[in-house]
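Data first, discussion second: the structure below is written as structure tokens.
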Amino acid sequence: MASVSTHGAQEEHGHQDKGPHLPPWGKQSFLFCPKSKLHIQRGEIAKIIRECQEESFWKRALPFSLVSMLVTQGLIQQGYLAANPRFGSLPKLARTACLPVRNAK
């Protein structure tokens, strides 16, 4: 079985496939992907970033925050950390809960 190439036939007739038209280097936006020669839409990028942030919160920040709060409460109960005389363990637990959420983004 012989394979048929249309590329050679196009070259003989003077019709060369140059691929998609690329804008000049200075006119390309930062969203232009030269490898795939596709222009990625801003809406798609915003959707991907939003999905990544949501996944980061549910799969990393929230579990780490809960575990760190439990460890902090245990350290306060065991006497390794001193509780606030007025508010108890709430200030330390609130700080402990906010750090993983802030760092996960």
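Quick rundown of the values:
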| read-out | value |
| --- | --- |
| Among residues of segment 62-93, those that are of a type outside the set (Ser, Thr, Tyr) and either at positive phi or part of a loop (DSSP other than H, G, I, E, B) (or both), counted | 8 |
| Residue match in segment 91-105 (condition: open to solvent by 80 Å² or more (accessible area, probe 1.4 Å) and either among the β-branched types (Val, Ile, Thr) or over 30 Å from residue 50 (Cβ atoms) (or both)) | no |
| Counted residues, segment 50-82 - those being open to solvent by 90 Å² or more (accessible area, probe 1.4 Å) and more than 19 Å from residue 99 (Cα to Cα) | 5 |
| Matching entry among 65, 36, 56 (being of a type in the set (S, T, N, Q), under 22 Å from the mean Cα position of the chain (by Cα) and at pLDDT 90 or above) | 65 |
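The values are calculated or read from the model by the stated rules, or taken from the named source; none is laboratory data. Since the model is a prediction, treat every value here as computed from it, not as a measurement. Reconstructed Cβ throughout: ideal geometry from the backbone, glycine too, with neighbour counts over all protein chains shown. The protein model used for the area step is the full one, side chains on, heavy atoms only, and it has no ligands, DNA or RNA in it. Shrake-Rupley method; radii C 1.70, N 1.55, O 1.52, S 1.80 Å.
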